[in-house]
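The values are calculated or read from the model by the stated rules, or taken from the named source; none is laboratory data. Predicted model only: the values in this text are computed from it and were never measured. Cβ atoms come from the backbone with ideal geometry, glycine included; neighbour counts cover every protein chain shown.
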Ligand SMILES: [Zn+2]
Ligand SMILES: [Zn+2]
């Protein structure tokens, strides 16, 4: 991921007009920098789109930022979360405590939050190392795992489905299910203002992570879903995009088409890479050959694990298109090009 920095002015709380505000909420220690939290006005009190990372500094920025815009966090009527990731859902629980409002997210991500909550409470710990071993990571790296268990965000009070209208009296904020980055990722279409809150699905400069965990799952196709979700957004036309990172940009359809093209090219290169090799490759071998923002050897174990997840998603998409096949051994999974 490459990051192009924009002027500081865009990283301050802003009145975007039409009863929409934005507040940048820092993600301490993360190169992404901040999450853009949006507030949408309604007679029952504003609704937030996402909430930011769970950290005291982030809470200060959120509650303080809202205050400079004339909004008391206790007046918030609800938080609609674009997806369960901690830079989006992290502070939702604290907003709920301060305001008595609701938290809403898509049912598929709510199911993941339930799973994470159960996993955090369980004793079983070999999940990560089993997954890494099967993908072809070397034994030392597999034993190490990918670091600690993630802290689950607050359970939502409301589960959303595609096409639902968010509880926002007097306005029309419609849920567009855009799986890929997560299974329950949603964009939110403010139909009365031709604006689309895009979460992490469509960002102006970088592209979101799309991975498979565990890596060898063959019953899902997140990259295929992601590409379909880009088409769904494209069908809405040239709306203004209000993303959760970077900066606001015009014509979401054009950017969605650009991202689709980027992944299609990556798939063509990956198919060619497998076709050149006489022997089947592990996910780890494939990941090490793909292009990342740093040389493979310089990636930390966590970033390597994410790169492998992304490689797995691309391999699975090629498999779903009938261009490569999977050879599932007892303790290793490999991939091989099929004649086209
Ligand atoms: Zn995310
Ligand atoms: Zn994010």
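With respect to the conditions (1) closer than 11 Å to residue 157 by Cα; (2) assigned to a helix (DSSP H, G or I); (3) away from ligand 1 (no atom under 16 Å from the Cβ); (4) touching a strand residue (DSSP E or B) at 6+ places or on another chain (Cβ under 6 Å), residue 110 falls short on a single one, namely (3). Applying the set (1) within 15 Å of ligand 1 (Cβ to nearest atom); (2) within 30 Å of residue 287 (Cα to Cα) to residue 215 leaves exactly one unmet item: (1).
When each of 199, 211 is tested for being surrounded by fewer than 23 Cβ atoms within 10 Å (Cβ to Cβ) and in contact with a helix residue (DSSP H, G or I) (Cβ under 8 Å, 6 or more places away or on another chain), the lone residue that passes is 211. Of the helices (runs of 4 or more DSSP H) lying entirely inside segment 1-107, those carrying at least 3 residues that are within 16 Å of ligand 2 (Cβ to nearest atom) are 56-68, 86-89.
The lone criterion from (1) part of a loop (DSSP other than H, G, I, E, B); (2) within 16 Å of ligand 1 (Cβ to nearest atom); (3) modelled with pLDDT of 95 or more left unmet by residue 198 is number (1). What do you reckon, is residue 279 more than 20 Å from the chain's Cα centre (by Cα) and farther than 27 Å from residue 49 by Cα? So residue 279 fits the description; yes. Residues that are away from ligand 1 (no atom under 16 Å from the Cβ), over 16 Å from residue 233 (Cα atoms), without any contact (Cβ under 8 Å) to a residue 60 or more places away in the chain and in contact with a strand residue (DSSP E or B) (Cβ under 9 Å, 6 or more places away or on another chain) occur in segment 288-301; there is at least one.
The lone criterion from (1) part of a loop (DSSP other than H, G, I, E, B); (2) away from ligand 2 (no atom under 16 Å from the Cβ); (3) surrounded by fewer than 22 Cβ atoms within 10 Å (Cβ to Cβ) left unmet by residue 206 is number (2).
Do we find that residue 301 is within 29 Å of residue 199 (Cα to Cα) and over 18 Å from the mean Cα position of the chain (by Cα) in this structure?
Values: within 29 Å of residue 199 (Cα to Cα): yes; over 18 Å from the mean Cα position of the chain (by Cα): yes.
Here the answer is yes, as residue 301 does meet what is asked.
Could you list, in sequence order, all residues of segment 322-332 that are touching a helix residue (DSSP H, G or I) at 6+ places or on another chain (Cβ under 8 Å) and closer than 20 Å to residue 224 by Cα? Once the filter is applied, which keeps residues that are touching a helix residue (DSSP H, G or I) at 6+ places or on another chain (Cβ under 8 Å) and closer than 20 Å to residue 224 by Cα, segment 322-332 yields 323, 324, 325, 326.
Would you be able to say whether some residue in segment 230-246 is loosely packed, with under 15 Cβ neighbours inside 10 Å, assigned to a helix (DSSP H, G or I) and either within 16 Å of ligand 1 (Cβ to nearest atom) or modelled with pLDDT of 95 or more (or both)?
Within segment 230-246, one or more residues are loosely packed, with under 15 Cβ neighbours inside 10 Å, assigned to a helix (DSSP H, G or I) and either within 16 Å of ligand 1 (Cβ to nearest atom) or modelled with pLDDT of 95 or more (or both).
Only residues that are at pLDDT 95 or above and either surrounded by fewer than 16 Cβ atoms within 10 Å (Cβ to Cβ) or under 20 Å from residue 262 (Cβ atoms) (or both) were counted across segment 277-288, and they come to 2.
Would you call residue 179 under 17 Å from the mean Cα position of the chain (by Cα), at pLDDT below 95 and within 26 Å of residue 222 (Cα to Cα)? Criteria not met by residue 179. Summed over segment 135-167, the residues that are at pLDDT below 85 and outside any loop (DSSP other than H, G, I, E, B) give a count of 6.
Which of the residues that make up segment 237-256 are out of contact with any helix residue (DSSP H, G or I) (no Cβ under 7 Å at 6 or more places or on another chain) and touching a residue at least 40 places away in the same chain (Cβ under 8 Å)?
Result: 240, 242, 243, 245, 246, 248, 255.
Looking at 36, 115, 91, 62 in this structure, which one is more than 17 Å from the chain's Cα centre (by Cα) and at pLDDT 95 or above? Of the residues listed, the single one that is more than 17 Å from the chain's Cα centre (by Cα) and at pLDDT 95 or above is 62. Of 115, 66, which residue is more than 16 Å from ligand 1 (Cβ to nearest atom) and within 25 Å of residue 184 (Cα to Cα)? Of 115, 66, the one residue that is more than 16 Å from ligand 1 (Cβ to nearest atom) and within 25 Å of residue 184 (Cα to Cα) is 115. Considering segment 169-195, the residues that are part of a loop (DSSP other than H, G, I, E, B) and under 24 Å from residue 310 (Cα atoms) include one that is nearest to ligand 2 (Cβ to nearest atom), namely 181.
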